[in-house]
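Shown next, in structure tokens, is the structure this report addresses.
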Amino acid sequence: MPLSEHEQRMLEQIESALYAEDPKFASTVRGGRLRSATGRRRIQSAALFVLGLCLLVAGIALPVKPGGFPIISLFGFIVMFGAGVLLLLGSTGGGRRGADASQAGNGGPAAPGKGKPRKSGGFAARMEDRFRRRFEQDN
């Protein structure tokens, strides 16, 4: 469903405010670098998981078991577990690292009064106020 003219204007204003507030983060999001890193992380995790699964099965099937314990299967399980952790950290941590890095570049140690909660809260509050004012004007 297409956006109305009012919604398109609001989206453009939010986009311009984002560029004014944090241009480095805005260009990162627009370039799609965060999504490609997550997709690449998913592929790596899937490949590691399949490798771990193969090692797990091979450790059970092979007669090489020092001391009666399937070491290869244990290693395969550890690889599978690591792939799961990599997938979880990649999907939730990838976007945050990019946002934190761009915010650290703009409001580093030189600006002690500007913290992340205050900065994002101010932006959100201004956007809400603008939206309410425009919504009341249209009605």
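The values are calculated or read from the model by the stated rules, or taken from the named source; none is laboratory data. Predicted, not measured: the structure shown is a model, and the values here were computed from it. Here Cβ is always computed from backbone atoms with ideal geometry, including for glycine, and neighbour counts include all displayed protein chains.
Just a few scattered comments:
- Residue pairs meeting the criteria (Cβ under 8 Å; at least 6 apart or on separate chains; first without any contact (Cβ under 8 Å) to a residue 12 or more places away in the chain and of a type outside the set (A, V, I, L, M), in the range 60-81; second assigned to a helix (DSSP H, G or I) and loosely packed, with under 15 Cβ neighbours inside 10 Å): Lys65/Ile71; Pro70/Ile60
- Among the conditions (1) in a helix (DSSP H, G or I); (2) modelled with pLDDT under 85, Leu11 misses just one, which is (2).
- Contact map, the range 1-19: first residue farther than 16 Å from Arg130 by Cα, second residue modelled with pLDDT under 85 and surrounded by 14 or more Cβ atoms within 10 Å (Cβ to Cβ), Cβ cut-off under 7 Å, separation 6 or more or different chains; pairs are Tyr19/Ala26.
- When residues of the range 17-70 are limited to those that are exposed (fewer than 15 other Cβ atoms within 10 Å of the Cβ) and outside any helix (DSSP H, G or I), the one modelled with the lowest pLDDT: Gly32
- Applying the set (1) modelled with pLDDT of 50 or more; (2) in contact with a Gly (Cβ under 7 Å, 6 or more places away or on another chain); (3) not in a helix (DSSP H, G or I) to Ser73 leaves exactly one unmet item: (3).
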